[in-house]
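Below: one structure, written as structure tokens.
Just so it is clear, none of the values below were taken in a lab; they were calculated from the coordinates. All values reported here derive from a predicted model rather than from experimental measurement. Heads up, the Cβs are rebuilt from the backbone with ideal geometry, glycines too, and the neighbour counts pull from every protein chain shown.
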Amino acid sequence: MPIRGRIEVNQLHCKGCELCVMACPQDVMALDMEHLTPKGYHPAQLVAEGCTGCAICAIVCPDAAITVYRETPQKTRATA
Ligand code: SF4
Ligand code: SF4
């Protein structure tokens, strides 16, 4: 089962620079062109399935606006 990830973008810090969008190896990020942050930028967001939780987006973000969560698959317990 593939490792799944998800991200949260802090709208107070994101300035819509798109560095994370360009760096994402899964190409699952984009700017949200329908919303503005309190500072008036279009924030980055996850737009598709396939995030692996690699955290490259968080590493390249100059404003530390991204928190990455990785979901580890639940092990199925064998039953007798
Ligand atoms: S954690 Fe990795 S795969 Fe997920 S959005 Fe960020 S760069 Fe893309
Ligand atoms: S790199 Fe950071 S500041 Fe730039 S768009 Fe992505 S989350 Fe926003």
- prompt: Which one of Glu8, Glu34 is more than 14 Å from ligand 1 (Cβ to nearest atom) and surrounded by fewer than 17 Cβ atoms within 10 Å (Cβ to Cβ)?
  reply: Glu34
task: Just need a number here: residues in the stretch 44-70 that are farther than 9 Å from Ile7 by Cβ and either basic (Lys, Arg) or near ligand 2 (Cβ under 7 Å from one of its atoms) (or both).
output: 6
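Answer with yes or no whether Ala48 is over 16 Å from Gln11 (Cβ atoms) and more than 8 Å from ligand 1 (Cβ to nearest atom).
So Ala48 passes the test.
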- prompt: Which residues, taken from the stretch 1-43, are of a type in the set (Gly, Ala, Ser) and within 14 Å of ligand 2 (Cβ to nearest atom)?
  reply: Gly16, Ala23, Ala30, Gly40
- request: Any residue in the stretch 16-38 that's at positive phi: show its pairings with residues that are in a strand (DSSP E or B) at Cβ separation under 8 Å, as long as the two are six or more apart or on different chains.
  value: Gly16/Leu31; Gly16/Ala44; Glu18/Leu31; Glu18/Ala44
